[in-house]
Every structure is written in structure tokens, then in C-alpha cells.
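There's a structure below that I have some questions on.
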Amino acid sequence: MTEHMYRIGLDLGSTAAKAALLDRGDAIVDVVLDTSGDPPDRVAERLVGTFRDKYGFREAGVVATGYGRALAGLAGKKVTEITCHARGVRLLHPDCASILDIGGQDAKAIRLGSDGGVEDFAMNDRCAAGTGSFLEVAARRYKIDIAELSAFCGDDPGAGPDTEPFEISSTCVVFAESELIGLNARGVPPREALRAVHRAIAKRVVLLLKQVSARGPLYFTGGVARNATLRAAVASASGLEPRLADHAQFTGAIGAALFV
């Protein structure tokens, strides 16, 4: 097998594609995000081409993960996301014992063994109510940029001092949105309604953490991990303190590159 100077990992997710370039010493050279929504094979070629043009190499080993991995024809190997996230986070954080990954369309809880291998995992990929899509729907309803959502809600996911803690109970994002409409009709301030959304997501993902008997240190990955309000809500509901992983949105891609 050819020993390439660089290794490329592709994480072809449902809402975004991520790529990581590693050298032979496991150092992270570069990461790239693609949110174009193009077909996975086209995105894969573009991401690899971006690295090739930037760093001047002709060939590199490529491994793909994520829901679109089967369509990445240029990848020499396809590996499951659970395994790739475990490898990627463990490289960045050797003390990691558990992982919570929330993407646009699914959420995953992973418990690692002392050797860094996957001991157990649980995944929610059948309902958007515990994923980033729910946050996007809620932010859109209140005309708030998703990137500003955490700053709008604050680090505390609880209710305000003069407001009862409204809850969203629906397990379906469509019905949950109707609950938001109801809260709005009752005059509930947007900030409190959106805090309720964060608590609702936290309750759902904590069930996954309990299912795998997650233990600390717990690292939070995925694009949603940057949301401080949700991290606080998960901490409150689980009793664990989720730490924001380095390169949180790219851990799957980094792990994939390690399999080259």
C-alpha cells in the first residue's frame, strides 16, 4: 500500500460535509467545511481538490464516513461514524470516556473503553426533536440567526426569575413547533420559549447518555456543541459536565483520516 504524505478524512453529513487533512504524524494540518448541499460525491471531490490545490500534493489516502460515505467514490475505505468519532475525539482528548455528538439530523452517545475503543453507543436518527434541526426550526420561527441563538438565550437554560419554567413535551419537531406557536400566543417571551427548546433537546439526548451508561469526562461534538445554552442544559439534566471538544465539528473527519 502506498504511504502518502497526507491523509484525508471526509465526514459527509446530512446538512454539512467536513474534511480534515492529517500528516503522517497525526498532526491536523487543515480542516474545511462545506454546506453547499451538493451530492456527496461532488462535495467529496471538491474537498479533496481544495486540499490538493492548497498543499500541492498529487495523491493522498482518503477515508469517508457519515451518511453519504457510500457515495464517495474516491475514498479508499468507508468507516462508520461511531468509530470515526471515537478515534477523532480520542486523538484530541486522550482522557475522553464518553462522547455526545449532535448533528443536523441525528444525535449519538458513545461510551469508550480504557483503550479508546467503542464499548457502547446509542443513536437517535428517527426524530429531529433531539437534533440541530429542532434548533434551526425554533430560531427561524423567532427570526434569530442560529449562530446567535446561544447568545440570545444566555448560558443558563433555566427559566427567568419571574417566569415559570415552560416546557415543550412533544417528541416530534412538527408538534413541538405547534407548542412554540401556543407559547407565543400565551405571551411567553421568545427568550424563555427558546430556553424551553434547549431543555427539551437536552432531555432527549440525556436518555441516550443513560442508555450507554455514559461517564465523564464527556466531550460534546458536532456543530451544535458550540451552543453554550445547550451544553448547560445537558449538564443540568445529566449531572455530567460536557466539555466542548477541540475541532468539535470535525472529529468524525479527523477520525476517518486516522483510518487511512
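If a residue must be at positive phi and in contact with a strand residue (DSSP E or B) (Cβ under 7 Å, 6 or more places away or on another chain), how many such residues does segment 199-240 contain?
2
Could I ask something else about it? Mind checking which residues of segment 67-78 are open to solvent by 20 Å² or more (accessible area, probe 1.4 Å) and in contact (Cβ under 8 Å) with a residue 40 or more places away in the chain? Can you show your working first?
Kept after step one, since they are open to solvent by 20 Å² or more (accessible area, probe 1.4 Å), are these residues of segment 67-78: 67, 69-71, 73-74, 76-78.
Hits for segment 67-78 are Tyr67, Arg69, Leu71, Gly76, Lys77.
Further question: Taking into account only those residues within segment 214-236 that are of a type in the set (Gly, Ala, Ser) and more than 20 Å from Asp120 (Cβ to Cβ), which is most open to solvent (accessible area, probe 1.4 Å)?
The extreme case among them is Ser236.
In segment 23-66, which residues are under 20 Å from Ala248 (Cα atoms), touching a His at 6+ places or on another chain (Cβ under 7 Å) and surrounded by fewer than 14 Cβ atoms within 10 Å (Cβ to Cβ)?
Scanning segment 23-66 gives no hits.
I need the full set of residues from segment 86-123 which are in a helix (DSSP H, G or I) and open to solvent by 10 Å² or more (accessible area, probe 1.4 Å), in order please.
Arg87, Arg90, Leu91, Leu92
Condition check: within 14 Å of the chain's Cα centre (by Cα), free of Cβ contacts under 8 Å to residues at least 60 places away in the same chain and not in a loop (DSSP other than H, G, I, E, B). Does Arg243 satisfy that? Spell out the reasoning first.
On the way: within 14 Å of the chain's Cα centre (by Cα): yes; free of Cβ contacts under 8 Å to residues at least 60 places away in the same chain: no; not in a loop (DSSP other than H, G, I, E, B): yes.
No; evaluated as a whole, the condition is false for this residue.
Could you grab me the full set of residues in segment 212-234 that are farther than 12 Å from Leu100 by Cβ, assigned to a helix (DSSP H, G or I) and not aliphatic (A, V, I, L, M)?
Selection gives Gly223, Arg226, Thr229.
Sort through Gln249, Gln211 and tell me the only one that's modelled with pLDDT of 95 or more, within 26 Å of Ala20 (Cα to Cα), open to solvent by 30 Å² or more (accessible area, probe 1.4 Å) and of a type in the set (S, T, N, Q). Break it down stepwise before answering.
Values: Gln211 fails: within 26 Å of Ala20 (Cα to Cα).
When all the criteria are applied, what remains is Gln249.
Given the conditions (1) more than 18 Å from Lys108 (Cβ to Cβ); (2) modelled with pLDDT of 85 or more; (3) surrounded by 15 or more Cβ atoms within 10 Å (Cβ to Cβ), report the number of the one that Gly239 does not fulfil.
The number of the failed condition is (3).
Here is a follow-up. Taking the options Ser178, Ser170, name whichever one is modelled with pLDDT under 90 and open to solvent by less than 30 Å² (accessible area, probe 1.4 Å).
Going through Ser178, Ser170 in turn, just one is modelled with pLDDT under 90 and open to solvent by less than 30 Å² (accessible area, probe 1.4 Å): Ser170.
Would a scan of segment 140-149 turn up a residue that is modelled with pLDDT of 85 or more, surrounded by 18 or more Cβ atoms within 10 Å (Cβ to Cβ), within 25 Å of Ile254 (Cα to Cα) and small (Gly, Ala, Ser)?
no
The values are calculated or read from the model by the stated rules, or taken from the named source; none is laboratory data. Just so it is clear, the model here is predicted, and its values are computed rather than measured. No Cβ is skipped: glycine too gets one built from the backbone with ideal geometry, and neighbour counts run over all protein chains shown. All accessible areas refer to the heavy atoms of the entire protein, side chains included, with ligands and DNA or RNA removed. Shrake-Rupley method; radii C 1.70, N 1.55, O 1.52, S 1.80 Å.
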